[in-house]
1. Assuming GLU113 fulfils every condition listed in (1) more than 21 Å from GLU205 (Cα to Cα); (2) of a type in the set (D, E, K, R); (3) buried (at least 20 other Cβ atoms within 10 Å of the Cβ) apart from one, which condition is it?
2. Name the one entry in VAL322, VAL326 that is open to solvent by less than 20 Å² (accessible area, probe 1.4 Å), at pLDDT 80 or above and touching a Phe, Trp or Tyr at 6+ places or on another chain (Cβ under 8 Å).
3. Working only within segment 63-90, note down all residues that are more than 20 Å from SER9 (Cα to Cα) and without any contact (Cβ under 8 Å) to a residue 40 or more places away in the chain.
4. Among the residues of segment 329-375, write down those that are open to solvent by less than 60 Å² (accessible area, probe 1.4 Å), closer than 30 Å to GLU237 by Cα, part of a loop (DSSP other than H, G, I, E, B) and at pLDDT 90 or above.
5. Across segment 262-277, which residue is nearest to LEU308 (Cα to Cα) among those that are open to solvent by less than 30 Å² (accessible area, probe 1.4 Å) and touching a Leu at 6+ places or on another chain (Cβ under 8 Å)?
6. PRO169 passes all but one of (1) more than 24 Å from LEU274 (Cα to Cα); (2) in contact with a Gly (Cβ under 9 Å, 6 or more places away or on another chain); (3) assigned to a loop (DSSP other than H, G, I, E, B); which number fails?
7. Is there a residue in segment 156-166 that is open to solvent by 60 Å² or more (accessible area, probe 1.4 Å) and part of a helix (DSSP H, G or I)?
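The values are calculated or read from the model by the stated rules, or taken from the named source; none is laboratory data. For clarity, every value in this text was computed on a predicted model and none was experimentally measured. Because the Cβ atoms are built from the backbone with ideal geometry, glycine has one as well, and the counts that use them run over all protein chains shown. We work out accessible area using only protein heavy atoms, side chains counted, and drop any ligands, DNA or RNA first. Shrake-Rupley method; radii C 1.70, N 1.55, O 1.52, S 1.80 Å.
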Amino acid sequence: MQEIRNKNSDIVVLREVTKRFGNFVAVDKVSFAVPKGSFFSLLGPSGCGKTTTLRMIAGFETPTEGEVLIEGRVVNDVPPNHRPTNLVFQNLALFSHFTVYENLAFGLKMRRERKRDIQKKVNQILSLVNLPTEYLRKKVSQLSGGEQQRVAIGRALILEPKVLLLDEPLGPLDLKLREHMRIELRQIQERVGTTFIYVTHDQGEAFSMSDRIAIMNRGQVIQIGTPQELYEEPANEFVASFVGAVNVLEGVLESVQGKLGIVRVQSQLFRSRLRHPALPGQEGRLYVRPQRIAVLNNTPSTENKNRLRGTVTRFVFEGTLVHLEVSTPCGSITLTMPNAQIDSSLMQVGNEVTLVWSPLDTLFMTTEKRVSDES
């Protein structure tokens, strides 16, 4: 059962929304609610239906079934220009032959606002997106990618939409600039208080900016939650594997002791949390994040920890982080540790090491389950 809250604080609500293109189902019975003033992201792989969902909220696509509500009103047949939304496209759709001022003022001129009011709002929005006033006379084609990004966001926000929709707007930027713009975009959202709905396939983007995230796959919402909930409590195998790096070990549940299960992987026994109710004898997978695994010599206390002996097969130094690959009787294990916490002289390829991690950082799942929000 997918999440539908319908609270007064929810500005956008989708109820069992389906979109078909001929025989192809792009979006399949999607339901979720977006709280007013929040930063909400649709996250998933290419082709999962997230952009089509965004376009139905914007009014550029009409649902085949179900309802889209904005501020409590069904807007299925309301055209985009009559909705309290604005959309920032992936290609930004700026007028490259216009100046920055002309781009920012365009929508206000279409509304026939007074010149004095337009100038005031343009100056205010320029300050909001951190561009100096001398940029007003520059052509958009003279700006860098990040500067164009700010203009596109400013042009959308200057019309004061209740909901700002963003379709992978950081995609064209290089990595360093993209990481910087994540911070700026979140700061802008917090300053204006406008509801942002953001589409991305990049987990880092969604996690660094969002209050809540809906993970989509094959046209369906798989799970909705905060970044921490999705990372720590994935609803199923797809979410566990899609959200961040993870080690996966095939095993069998031997017994259940309180809230923990005893799982056998090859000849090794591990204690683990159970994501769903399970019975002894059921097969499944253990999930352990690389960041939650440590090397025995670098762990202050190993009492009640899972342990696994192995041989280092790869050592990768990345400045502040170190990545290890370790061959074990249960398969290859990867771990990531801060450089300051590891003795690199002990982590040479061919060395034997003991890996340790907490049962609480271990998750056992037996079967795929479609769960949207169990928080």
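1. Result: GLU113 passes all but (3).
2. Selected residue: VAL322, the only one of VAL322, VAL326 that is open to solvent by less than 20 Å² (accessible area, probe 1.4 Å), at pLDDT 80 or above and touching a Phe, Trp or Tyr at 6+ places or on another chain (Cβ under 8 Å).
3. The answer is ASN76, ASP77, VAL78, PRO79, PRO80, ASN81, HIS82.
4. Across segment 329-375, the qualifying residues are CYS330, SER358.
5. PHE270
6. Unmet for PRO169, out of (1) more than 24 Å from LEU274 (Cα to Cα); (2) in contact with a Gly (Cβ under 9 Å, 6 or more places away or on another chain); (3) assigned to a loop (DSSP other than H, G, I, E, B): (2).
7. No: zero hits.
Residues checked against (1) closer than 23 Å to LEU54 by Cβ; (2) in contact (Cβ under 8 Å) with a residue 40 or more places away in the chain; (3) over 10 Å from the mean Cα position of the chain (by Cα):
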{"position": "THR200", "(1), (2), (3)": "yes, yes, no"}
{"position": "SER210", "(1), (2), (3)": "yes, yes, no"}
{"position": "LEU230", "(1), (2), (3)": "yes, no, no"}
{"position": "VAL243", "(1), (2), (3)": "yes, yes, no"}
{"position": "ASN247", "(1), (2), (3)": "no, yes, yes"}
